[in-house]
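**Student:** If you scroll down you'll find the structure; I have some questions about it.
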Amino acid sequence: ILNVHSKTATSVIQHLQEWLAKFPPHYFKSITFDNGKEFADWRAIANQFDLQTYFAEVGAPNQRGLNENNNGLLRRDGLHKGRDLRHLADEEVAQIMSYRNNIPRKSLGYQTPYEVFMKY
């Protein structure tokens with residue numbers, strides 16, 4: 001979860017660059033964006049981090065299944081669809097992210113996402 005306070009292409013790309021730079025080169029192989037204008041500078045991320053880049057088709061949420069599922073979980077945690085997220089405190093985002101990443105998942109053999117991520 002990245003708490004980007006502005007939905008501009010520059011801001012989104014900057015936050016993604018800062019986050020991806022924390023990991024070893026080639027740690028991530030691909031990234032999938034939706035078709036929002038905030039991803040207009042996608043080439044900067046693709047080139048800088050050598051990532052294959054994909055875009056979900058308009059009206060095809062099934063192509064972003066994991067993202068849609070996580071959005072649903074986050075809405076249950078208080079990030080409702082109608083809520084203005086531009087002024088969301090970074091501490092609240094960190095708290096929600098920590099909570100979600102430490103829930104065991106059946107699909108992960110009852111390990112938490114954090115445990116699985118740290119193994120790699």
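**Student:** Nearest 20 debye, what's the magnitude of the dipole of region 7-49 about its Cα centre given +1 on Lys and Arg Cβ and -1 on Asp and Glu Cβ?
**Tutor:** It comes to approximately 60 debye.
**Student:** Also: Would you be so kind as to identify which of GLY82, ASN47, SER11 lies farthest towards the positive end of the dipole of the chain, taking Lys and Arg as +1 and Asp and Glu as -1 on Cβ and the Cα centre as origin?
**Tutor:** GLY82
**Student:** Another question, if that's okay. When ranked by the protection proxy of mean other Cβ atoms within 10 Å per residue, highest first, what sequence do the peptides 72-84, 36-48, 105-117 form? Intermediate results must be reported in sequence, preceding the final value.
**Tutor:** Values: 72-84: 10.5, 36-48: 14.3, 105-117: 12.2.
The packing order, highest mean first, is 36-48, 105-117, 72-84.
**Student:** Apply the Karplus parameterisation 6.51 cos²θ - 1.76 cosθ + 1.60, with θ equal to phi minus 60°, to every residue of region 53-64 and state each ³J(HN,Hα) to the nearest whole Hz, in sequence, with x for glycine and proline.
**Tutor:** 10, 10, 10, 6, 5, 4, x, 10, x, 5, 7, 10
**Student:** What is the log10 of I(q)/I(0) for region 27-120, computed with the Debye formula using one identical point scatterer on each Cα and no solvent, at q = 0.16, 0.19, 0.24 Å⁻¹?
**Tutor:** Listed by q, the Debye log ratios stand at -0.96, -1.28, -1.29.
**Student:** Then there is this: Holding the Cα-Cα limit at 31 Å, pick out from LYS7/LYS29; LYS37/LYS119; LYS37/LYS106 the pairs that are longer than that.
**Tutor:** LYS37/LYS119; LYS37/LYS106, as the Cα separations exceed 31 Å there.
**Student:** Quickly estimate the mean residue ellipticity at 222 nm for the chain, helices only: each DSSP H run with n ≥ 4 gives -39500 (n - 2.57), and the total goes over all residues, rounded to 500. List each step's numbers first, then the result.
**Tutor:** On the way: 5 runs with 51 residues, N = 120.
Per the formula, -12500 deg cm²/dmol.
Computed from the coordinates by the stated procedures, all read-outs in this text should not be read as laboratory data. Owing to the predicted nature of the structure, the values given are computational and were not obtained by experimental measurement. Quick reminder, even Gly has a Cβ in these numbers, built from the backbone with ideal geometry, and neighbours come from all protein chains shown.
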